[in-house]
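Below: the structure, in structure tokens.
The values are calculated or read from the model by the stated rules, or taken from the named source; none is laboratory data. Because the structure is predicted, anything quoted here is derived from the model rather than measured. All Cβ positions, even for glycine, are placed from backbone atoms using ideal geometry, and neighbour counts span all protein chains on display. Each accessible area value is taken on the protein alone, full model and side chains, heavy atoms only, with ligands, DNA and RNA left out. Shrake-Rupley method; radii C 1.70, N 1.55, O 1.52, S 1.80 Å.
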Amino acid sequence: MRIFRLGDEGTEVLDIQRRLLELGAVLDPSELDGRFGATTDRAVRAFQDARNLRIDGLVGPDTWGQLVEAGWRLGDRTLYLHSPMFRGDDVRSLQRKLNALGFDAGKEDGLYGSHTDRAAREFQRNVGDEVDGIIGPHVIASLLRVRPQESAPSRALVREEEELRHARGSIEGQVIAIAGADGGGAVAAIAETAAVDLRAVGAEPALVPRGGGGSTPSDQARAANDLDAAVCVSIRLAEGVPEAGGPTCSYFGSLVTHSPAGMLLAQMILEELESVLDRRGRLQRLTTSVLRETRMPAVQVEPVFETNELELARLGDPEFTAAIGHAIASGVRRFFDD
């Protein structure tokens with residue numbers, strides 16, 4: 001889709017503004033003719049901040065998708081397992097309630113998939129309702145009657161933490177999805193170096209589309225899911241103008257939940273990158289598509305900022321890109337071996 005930003009005009013901008021207003025944003029009346037002005041920009045950034053999205057003021061696939069999803073409330077529509085999946089804040093609310101009651105609905109990602117369907121059916125079975133996986137007014141009323149303690153850690157988060165406390169097994173034979181090899185250039189070189197290292201220790205690295213060339217971050221997540229990968233590492237150059245450079249590693253996390261395994265994987269890769277780059281990095285939660293839609297622990301690695309001329313110039317050095325690839329592979333190995 002087209003990316004909308006400060007200065008744009010048109011009916012699409014008017015649609016963005018309408019959705020922001022419905023969510024409580026305050027916009028200058030002079031902009032409400034479809035002009036992406038300063039108050040619209042501020043409202044978009046505030047929305048991105050609240051949703052753990054990149055705070056860049058750009059309305060691209062992630063921000064637009066979540067603007068649409070934010071308009072749904074539990075009870076607005078009947079939910080059930082469907083292809084394509086239902087997406088929305090109503091699904092996220094359902095997942096949160098089911099997880100709080102001890103029914104494992106999986107990652108609270110707002111996507112009505114198989115985990116959510118199984119948890120919904122288990123809830124219906126436990127309260128004596130018809131077990132059909134259809135979430136309509138009766139099931140919602142049953143959920144509200146039992147008053148789930150949504151402030152407590154979710155069943156999915158507890159399960160993932162418990163799995164981390166046990167050995168994750170050898171890396172040998174594990175499928176590692178690595179996104180970033182398409183399109184050539186430094187990112188591809190980094191991905192390919194990491195793949196060589198991982199193959200040397202018995203893993204099965206698989207290079208999947210990073211985005212571009214007609215694919216989207218959702219396509220990338222789908223490719224990793226189709227591989228049934230143990231982990232997914234997406235490599236890209238960071239955007240924006242950082243206060244300080246340095247690598248960034250992101251994992252799935254909203255304001256109320258996160259992926260403990262994704263966080264551990266991101267932390268281990270970041271530590272390796274900080275060592276080889278000799279720079280402090282940043283660990284952050286995001287709800288972007290590649291982190292949200294993957295079924296396995298996923299990390300988005302941004303070793304340098306494309307707007308930092310000094311860092312970008314170093315990407316022309318094969319030894320520098322190789323060092324980044326080695327560091328990423330080392331972090332993945334530690335995730336399985338530590």
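About the Cα centre of the chain, how large is the charge dipole given +1 on each Lys and Arg Cβ and -1 on each Asp and Glu Cβ? Please answer in debye to the nearest 20. Write down the numbers at each step before the final one.
Working: 38 positive and 52 negative charges, 192 e Å.
The dipole of the chain has a size of about 920 debye.
Surface composition of the stretch 59-142: carbon and sulfur atoms hold 54% of the protein heavy-atom accessible area at a 1.4 Å probe.
Percent of C-alpha pairs per 10 Å bin in the stretch 5-44, short distances first: 37, 61, 2.
From Cα pairs below 8 angstrom and at least 6 apart in sequence, can you work out the relative contact order of the chain, rounded to a whole percent?
14 percent
The relative contact order of the stretch 30-159 comes to 21 percent, based on Cα pairs under 8 Å that sit 6 or more residues apart. Its relative contact order, with pairs defined as Cα atoms under 8 Å and 6+ residues apart, puts the stretch 1-104 at 24 percent.
Apply the a/c threshold of 1.5 to the C-alpha gyration tensor of the chain and tell me whether it is rounded, prolate or oblate.
Since a/c reaches 1.5 but b/c is at least a/b, the shape of the chain is classed as oblate.
Restricting the calculation to alpha carbons of the stretch 1-105 gives Rg and Dmax of 15.5, 49 angstrom.
Loop-located trypsin sites (Lys or Arg not before Pro) across the stretch 3-76 with a Cβ neighbour count of 16 or fewer within 10 Å are Arg5, Arg73, with loop assigned by DSSP. Determine the share of the stretch 194-323's accessible area contributed by carbon and sulfur atoms, expressed in whole percent, with a 1.4 angstrom probe. Carbon plus sulfur share of accessible area: 49 percent.
To the nearest µm²/s, what D does Stokes-Einstein give for the stretch 35-165 at 10 °C and 1.306 mPa s, using the Kirkwood radius over alpha carbon pairs as Rh?
On the way: Rh = 15.9 Å.
Stokes-Einstein gives a translational diffusion coefficient of 100 µm²/s.
Protection proxy ranking for 116-125, 155-164, 23-32, 325-334, using the average of other Cβ atoms within 10 Å per residue and placing the highest first: 325-334, 116-125, 155-164, 23-32.
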